[in-house]
Amino acid sequence: MTEAAPRSSDGVMPRSASVARYRFRATFGRRRGGYLALALLIGLTGGIAMASIGAARRTQSSFPAFLASTNPTDLTLSTYGVGPASPANTYSPELTNEIARLPGVRRVESWVGVFGIPLGPDGAPRLDTVAHVNAVGSADGLYFNEDRATAVKGRMARPDRADEFVTTAIGARLLGLHVGQVVPMGFYGLAQAGMPGFGTAAVPPQIRMNMKLTGLVVFSNEVVEDDADRLPTNILFTPALTRPLLASGSTQGTWYGLQLVHGVRDVPRVQQAIPGLLSPGAAGFYRVTSLGEAKVERAVKPEAIALSVFGAIAALAALLIAVQAIARQRRDGDEDLQVLRALGASPATTAVDGLIGVLGAVVLGSVIAAAVAVALSPLSPLGPVRPVYPSSGIAFDWTVIGVGLLVLIGGLGAAAAVLAYRGAPLRVARRASEVQSRSSGAVRAAASAGLPAPAVVGVRFALERGRSRTAVPVRSALSGAVLAVLLVVATLTFGSSLRTLVSRPSLYGWNWNYALTTINDVPPQALTLLSHDPRVAAWTGVQDIDAQIDGHSVPVLATDSRAEVVPPLLSGHAVDNKNEIVLGAATLAQLRKHIGDTVVSSYGSPKDAPLYIPPTRLTIVGAATMPAVGGSSTLADHTSMGTGAVVSIDIVPPAFLQATANADPTLNGPSLVFVRLRAGTSARAGRADMQRVVDAANKAFATDPEAVGDTVAVLPVQHPAEIVNYRSTGATPLVLASGLAGAAVIALGLTLTASVRRRRRDLALLKTLGFTRRQLAATVAWQSTVVALLGMVLGVPAGIAAGRWLWILFAREIYAVPRPTVPLSVVLAGPAAIVLANVVAAIPERVAARTPAALALRLE
């Protein structure tokens with residue numbers, strides 16, 4: 001029995017606010033446990049939701065944050081000449097100054113290639129490392145000031161120490177080195193490479209120095225890499241060592257890092273101006289930082305999406321569970337409200353009773369949620385950027401915290417007010433009188449079908465809310481079950497589609513089995529073998545070049561019109577003639593073009609002839625996802641998922657092809673060959689065939705004095721950066737689905753427990769009428785089964801549709817072929833839901849079976 005509020009001197013109940021304050025003070029001791037539980041519930045569930053959404057935002061922005069900490073360049077340029085006498089093959093302070101004076105350029109720094117090789121115990125250079133480890137020296141601060149390398153183990157080499165160097169983890173593994181090791185290093189002149197006996201101790205280095213490996217580093221363009229970019233990796237020497245090497249003339253090639261005044265907006269203008277600074281016959285290769293940044297952001301998107309979805313679901317769960325807890329607290333005080341109403345309290349007075357405590361618990365819980373979110377922030381970001389993230393400690397995402405507090409306090413406060421309004425005794429009685437005659441058609445059908453009494457009663461408990469104090473929020477329980485199944489099935493569908501993408505190279509641009517690649521041209525002997533190989537279904541020769549399309553540097557694959565093997569199309573059609581072009585979907589968006597529009601493609605300037613492709617107007621006829629492949633991938637941007645273009649080889653002048661070919665004019669062939677095997681060819685047989693072709697090509701090179709050093713290699717599937725990262729996150733959707741299923745099971749258990757508690761009068765009556773303990777347990781089992789069955793019938797198809805729709809949106813966002821798949825586990829989701837529902841109903845079943853009939857009826 002409640003303690004009555006004091007009356008005023010004239011016998012009238014005081015104002016509602018006064019009664020609410022009095023009641024709060026009088027009942028706080030009895031209700032404080034409930035208030036504390038509500039606050040902790042909101043704090044934990046809301047905090048996890050806010051932390052997940054904050055982690056999603058931090059993960060998605062992790063690479064831009066890391067990149068900003070490296071003092072990044074906007075554009076990089078590498079210059080190499082066709083002949084060894086070209087000044088572009090050596091470092092040129094004059095060229096550096098000319099680039100720095102271009103309109104739009106703010107700062108330029110550079111590194112140069114050096115002939116530095118670790119020495120063996122006998123003093124001979126370890127030439128086996130040269131193919132995979134690129135020795136570079138910072139000429140004036142690049143990698144130490146601009147595009148700073150990030151040490152992940154040990155420390156960065158000091159720029160003023162000539163005897164210190166760093167390399168990547170891959171470089172250290174290939175060289176067999178560890179941090180802190182002192183390594184004998186030899187630096188050779190370019191002319192020494194042609195001396196008899198080079199590679200032995202008979203040809204000593206120009207400079208020999210014992211150098212210390214001070215750390216393992218990550219370069220900003222290596223955080224997420226395509227397979228095509230993984231090797232060669234870099235070993236980096238300091239400016240203090242590079243300066244004397246420059247003076248000795250033993251360097252080759254230069255890489256310029258340009259910071260632009262207006263960032264990416266100045267890239268096209270600067271790219272158009274640079275060729276005029278290069279000497280005739282020199283080639284410039286470009287990498288645009290923003291393209292690499294976009295690639296990494298696409299690679300981390302699955303983690304960010306998974307965290308966002310989990311955070312949104314956790315937020316929804318926090319709101320639903322908190323609302324149910326508030327409603328339970330309100331129902332527990334029904335008897336007090338009846339007494340207040342009998343003593344003359346107005347509807348407003350009964351409505352605000354207990355509201356102060358509930359609102360206080362909501363505010364306290366929301367503050368706890370914000371604290372939990374901040375405490376969990378060091379766990380993010382997730383994904384490949386985490387090892388190099390510049391600030392991995394406590395983070396305050398004020399946007400998430402602010403919106404989260406607003407949603408929790410505003411949403412739950414409004415829900416508490418609505419529940420208080422609807423829970424007033426007068427309105428409860430009115431609703432009870434309105435629904436007392438309603439009966440579910442499913443219940444009548446179950447009774448007509450001759451189902452046993454526990455089944456009929458269980459169906460009624462699942463579908464009918466009951467009356468008065470035994471009323472149960474049936475609709476919310478059913479909608480929760482449908483929503484839970486929908487989310488689990490949608491997550492499983494999305495995860496299956498992600499696994500399908502990772503396992504099918506044709507969906508991310510590799511629409512063939514193997515590629516043959518060489519520095520210059522694949523010889524005709526190899527092409528002849530391919531044409532007569534019974535296991536080869538089709539092959540296409542390709543020239544990869546770095547062309548200008550509407551002023552933007554774009555990697556281009558030039559091949560025959562109507563080629564048989566081309567990257568998979570997302571829309572439109574393939575190149576049919578020399579006036580057409582297919583663009584990667586990302587490049588199409590970058591150029592702000594659509595299918596049917598035209599672009600102007602060119603290469604170089606007239607003074608660079610024959611390395612010159614005049615401006616040619618081309619019509620965009622298709623959009624494709626492009627393969628991660630390119631013969632010049634270590635120098636320039638290469639085609640990758642969504643980036644690049646396909647054109648007809650007919651727009652490339654024969655003189656251009658000859659100039660980029662071997663000195664032998666008979667070897668004017670493709671630099672890449674895409675090979676598609678016949679269906680049913682085993683991987684072993686196909687690989688053996690390709691090796692036979694490669695051996696024939698290399699034998700032809702070995703007998704040609706004009707092709708010294710040329711080799712052909714077989715490339716298996718080259719995974720783009722997005723796929724490299726997605727393969728490491730393949731379990732994320734399964735973990736998320738498991739978490740959702742667990743949350744659904746817990747929610748169902750709480751709902752059934754609350755239902756049993758609320759229906760104790762009904763259960764007592766059933767027991768009095770002769771129901772055995774087993775029949776009472778069966779009643780609850782039928783109730784949980786009906787809830788799960790409805791969740792399955794409505795949730796599974798809706799979840800499949802939602803998962804497919806979400807995947808198509810995601811695939812288009814990352815420029816992959818959108819091909820959603822539905823896993824077999826979805827078929828099992830329905831039966832699993834019913835089994836889990838009956839498992840989780842075990843405890844409510846026991847409670848129902850042990851309901852003391854006499855005590856329950858006496859309390860009524």
Worksheet item: What spacing in nm lies between the two simple spin-label points modelled at Leu190 and Ala371, each 7 Å away from Cα in the Cβ direction?
Response: 6.7 nm
Worksheet item: Between Ala247 and Arg592, what is the spin-label point distance in nm, taking each point 7 Å from the Cα along the Cα→C-beta axis?
Response: 5.1 nm
Worksheet item: Sorted by average packing, counted as other Cβ atoms within 10 angstrom per residue and highest first, what order do 641-649, 677-685 take?
Response: 641-649, 677-685
Response to the item:
Residue span Ala169 to Val793: 0.36 nm per residue of separation minus Cα-Cα distance leaves a gain in nm of 219.4 nm
Fill in: Karplus-derived HN-Hα couplings along the range 154-159 (A = 6.51, B = -1.76, C = 1.60, θ = phi - 60°), whole Hz, x at Gly and Pro
x, 9, 6, 5, 6, x
Practice prompt. Figure the gain on full extension for Ser561 and Arg158 (residue separation times 0.36 nm, minus the Cα-Cα span) and round it to one decimal in nm.
Written response: 139.7 nm
Worksheet, complete the sentence: Two pseudo-spin positions, 7 Å from Cα along C-beta at Ala414 and at Ile808, lie apart in nanometres by 3.2 nm
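Here, each number is a calculation from the coordinates, and none is a lab measurement. This is a predicted model, so every value here is computed, not measured. Note that we place each Cβ from the backbone using ideal geometry, even for glycine, and neighbour counts take in every protein chain shown.
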